[in-house]
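K.L.:
One structure follows; several queries about it will come next.
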Amino acid sequence: MKRKLILFALLIMATGLRAQTLVLHHTDGTTTNVELSKNFRMDVTDADYVITLKDATFTFSRSDISYFTFDQKKGDVNRDGDVGIGDIVAITNVMAGIEKSERVLERADVNEDGQVGIGDIVAITNIMAGLE
Ligand SMILES: [Ca+2]
Ligand SMILES: [Ca+2]
């Protein structure tokens, strides 16, 4: 069992940085979401932020942007962009003490009760079932 969990942990480490959403907060209070691919770059020119993805380029005027944040789907513990079985495995790894990263621990507390436990797995299954 433990060996299996370690393999899962390695798999999660390999895929954990995949999909993420960059949220651009405009000076007028609106936001734009850009789904980032694994390899993206952002260039800052005198006038613009230029975000280059695998198959697209976005240009935003620097004077229109207040700040950036990264958005994260509730329950997407392993940050692959979806809520699924991999997130349950990630929570199990936290519960087993295999995963100790602060940031993963934070994301693993899906029901926000301050602990990582069976309640978070229930929360994930509820999200998967469309109940939450
Ligand atoms: Ca996930
Ligand atoms: Ca919890």
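No value in this document is a laboratory result; all are computed from the given coordinates. Because the structure is predicted, anything quoted here is derived from the model rather than measured. Neighbour counts are summed over all protein chains in view; Cβ atoms, including those assigned to glycine, are modelled from backbone coordinates with ideal geometry.
K.L.:
If I take every Cα pair under 8 Å that is 6 or more residues apart in the stretch 85-128, average their sequence separation and divide by the length, what percent do I get for the relative contact order?
P.N.:
Details: 33 pairs, mean separation 15.5, N = 44.
About 35 percent, as a whole number.
K.L.:
Also, quick follow-up: Would you mind ranking 122, 77 by Cβ crowding within 10 Å, fewest neighbours first? Show your work: numbers first, answer last.
P.N.:
Values: 122 14, 77 31.
Ascending Cβ contact count within 10 Å gives the list 122, 77.
K.L.:
Right, another one. Residue by residue through the stretch 62-71, which ³J(HN,Hα) values in whole Hz follow from phi under the Karplus form 6.51 cos²θ - 1.76 cosθ + 1.60 (θ = phi - 60°), with glycine and proline marked x?
P.N.:
Each residue of the stretch 62-71 in turn: 4, 6, 8, 10, 7, 7, 10, 9, 9, 9 Hz.
K.L.:
Which of 109, 87, 64 has the fewest other C-beta atoms within 10 Å, and how do the rest follow up to the most? Numbers along the way, then the final one.
P.N.:
Details: 109 18, 87 28, 64 15.
Exposure proxy ranking, most exposed first: 64, 109, 87.
K.L.:
Identify the GluC sites (Glu not before Pro) of the stretch 68-113 meeting these criteria: DSSP loop state and at most 12 other C-beta atoms within 10 Å of the C-beta. Don't skip to the answer; put the middle values down first.
P.N.:
Working: sites: 99, 102, 106, 112; in loops: 99, 112.
Listed in order of number, the matching sites are 112.
K.L.:
Which of 131, 36 has the fewest other C-beta atoms within 10 Å, and how do the rest follow up to the most?
P.N.:
On the way: 131 9, 36 19.
Taking fewest neighbouring Cβ atoms as first place, the list is 131, 36.
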